[in-house]
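The values are calculated or read from the model by the stated rules, or taken from the named source; none is laboratory data. Just so it is clear, the structure is predicted and the values come from calculations on it, not from any experiment. Here the Cβ is made from the backbone with ideal geometry for all residues, glycine too, and neighbour counts use every protein chain on show.
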Amino acid sequence: MKLAEALQERADLNRKISELTQRIRQNCLVQEGEKTNEDPNVLMTELDGCIDRLCSLMAAINKTNNSAEVNGRTLTDIIAEKDAMKLKLTAYRQFVNEAGNRTQRARFSEIKIMNAVDVQQLQKKADLCAKRIRELDNTLQQANWTIDLEE
């Protein structure tokens with residue numbers, strides 16, 4: 001199994017676990033003399049199986065990410081850099097939006113509110129972060145379809 005297939009299965013399992021949890025909640029109480037639409041015990045058994053599979057899958061994915069290398073870096077390192085870049089991008093974009101409001105005047109007074117940062121420079125930093133995220137994502141996607149999952 002390729003790493004990408006394992007990642008897809010992990011996403012499917014997470015969705016299924018969420019759905020099963022909701023179905024169990026909908027069927028855990030019943031009015032006296034009535035029957036539930038689905039047997040919560042059967043659903044619980046299915047939930048346990050999904051969670052067990054997810055656990056082993058996550059361990060295998062983490063093991064693979066820690067050992068597989070692309071350009072001398074582990075996938076874990078690449079993922080960590082991508083996550084850090086996403087944090088920077090979010091912060092930079094928030095700063096650009098705040099600072100992009102130009103000069104303002106406070107109420108009816110003559111006090112000017114000015115930018116304390118160079119918006120243009122900050123936007124360039126945000127653009128570089130976005131570009132780096134795309135590059136890292138492309139590297140990860142390519143690796144995911146070429147690297148075998150370690151089980």
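A single member of Thr64, Thr45, Thr90 is in a helix (DSSP H, G or I), modelled with pLDDT of 95 or more, surrounded by fewer than 16 Cβ atoms within 10 Å (Cβ to Cβ) and within 26 Å of the chain's Cα centre (by Cα), and it is Thr90.
Identify, from the list Ala11, Ala80, the residue that is in the same structural domain as Lys125 (by TED's automatic domain parsing) and surrounded by fewer than 16 Cβ atoms within 10 Å (Cβ to Cβ). Of Ala11, Ala80, the one residue that is in the same structural domain as Lys125 (by TED's automatic domain parsing) and surrounded by fewer than 16 Cβ atoms within 10 Å (Cβ to Cβ) is Ala80. Ile51 passes every criterion in (1) farther than 20 Å from Gln142 by Cα; (2) touching a residue at least 60 places away in the same chain (Cβ under 8 Å); (3) not acidic (Asp, Glu) apart from (2).
May I ask you to verify whether Leu57 is modelled with pLDDT under 95, in a helix (DSSP H, G or I), surrounded by 15 or more Cβ atoms within 10 Å (Cβ to Cβ) and aliphatic (A, V, I, L, M)? So Leu57 fails the test.
Pick out the one residue from Glu34, Glu98 that is assigned by TED's automatic domain parsing to the domain that holds Asn138 and either of a type in the set (Asp, Glu) or without any contact (Cβ under 8 Å) to a residue 40 or more places away in the chain (or both).
Details: Glu34 fails: assigned by TED's automatic domain parsing to the domain that holds Asn138.
Result of the check over Glu34, Glu98: Glu98.
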